[in-house]
């Protein structure tokens, strides 16, 4: 009993609009789960081994876990034991990839995941000069302030919320010394040693304390529905949508996939989403008449089994990117892709027809429409 973890979980019934609250218990030794309906004080789910798509590593505050098709948001710790055991294990920090290192974003994400961090939020944006000044307000009046804020508003950046044991110190250690030249001497395997140039153009930023981490995360991610800073202008005509599917993220391969994309295309916008069933079904609406009900249910279940990453793909020369990106993704079935296009994304990262690594737009006319769905419709 001492090792039992308890969370308060919420589930939104999309039919009635009612939010149900449960105690969600997890037993690490036996890998079993249990749920109690808080309002009725009755068992909703007796102790049982969950299905394979239930991921133990997603058990942290503000995360979403899927249990028997129900998406449960973990909104609070259920007892003091769970709080004391899990709070330090899932410390939060901001990781920001600066404009000079944006071209290395896939490699940096790969290093982050391989180092044991969970990426709980992610978005690509472009700060205005005023927004860069607001973020670095603590440095106002210092000699490097204008140079720093000019640099930080010069191109795309990627902000991420990382969670993990002692995340603040662990991320700063992975970054290495602030000056990239010093990093190459003292921490040659660090991110700044690998991708930074000097003390200002030093690839990435990390929060230095829990208070500043909370402030910096709020700056980029804020509250749902609040105005986003640094909103990227979408490419519009000729662009297409890519989706890194949840199984790739959970298998710590998202950075490798994105690196393959960035070798061939520009990624002009990107954000992490946690979709519910109705949103995933709406997005896949075009496949309803093509797939059997079972197949359609399987692809929507996969898309809601964890976070996915949506990204806008643009051709570097301004040509239409829908068909070239579809060719990079390869055939829908990874087994077929490994035979016909062994270097395609689905051949490299797909497992089966449902968990096939990446979604891409099929038709040229739908490219901007699918981009708009994620980066305009869902944003509102």
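Please say if the range 5-86 is rounded, prolate or oblate, where rounded means a/c under 1.5 for a ≥ b ≥ c the square roots of the C-alpha gyration tensor eigenvalues, and otherwise the choice is prolate for a/b larger than b/c and oblate otherwise?
Numbers: a/c = 1.44, a/b = 1.29, b/c = 1.12.
Rounded is the answer for the range 5-86, as its axis ratio a/c remains below 1.5.
Placing pseudo-labels 7 Å out from each Cα toward the beta carbon at residue 85 and residue 39 gives an inter-label distance of 2.9 nm. Think of it as helices only: each DSSP H run of n ≥ 4 in the chain is worth -39500 (n - 2.57), and spread over all residues that comes to -8500 deg cm²/dmol at 222 nm.
Rounded to the nearest Å, what's the spacing between the alpha carbon centres of the range 1-59 and the range 255-283? Just the number, please. What the calculation gives is 29 Å, centre to centre. Under the shape rule built on the C-alpha gyration tensor, where the axes satisfy a ≥ b ≥ c, the chain is oblate, since a/c reaches at least 1.5 while a/b does not exceed b/c.
Quick one: which of 47-58, 209-220, 254-265 comes out on top by average Cβ neighbours within 10 Å, and what's the full order, highest first? Write out the running numbers ahead of the final one.
Numbers: 47-58: 13.9, 209-220: 15.8, 254-265: 19.6.
Ranked by mean Cβ neighbours within 10 Å, highest first: 254-265, 209-220, 47-58.
Relative contact order of the range 83-235: 35 percent, from C-alpha pairs under 8 Å at least 6 residues apart in sequence.
Mind running the shape call on the range 172-266? Use the C-alpha gyration tensor, a ≥ b ≥ c as the square roots of the eigenvalues: rounded below 1.5 for a/c, prolate if a/b tops b/c, oblate otherwise. It would help to have the intermediate numbers written out before the result.
Details: a/c = 1.81, a/b = 1.29, b/c = 1.41.
Taking the square roots of the gyration eigenvalues as a ≥ b ≥ c, the range 172-266 is oblate.
Here, each number is a calculation from the coordinates, and none is a lab measurement. Predicted, not measured: the structure shown is a model, and the values here were computed from it. Quick reminder, even Gly has a Cβ in these numbers, built from the backbone with ideal geometry, and neighbours come from all protein chains shown.
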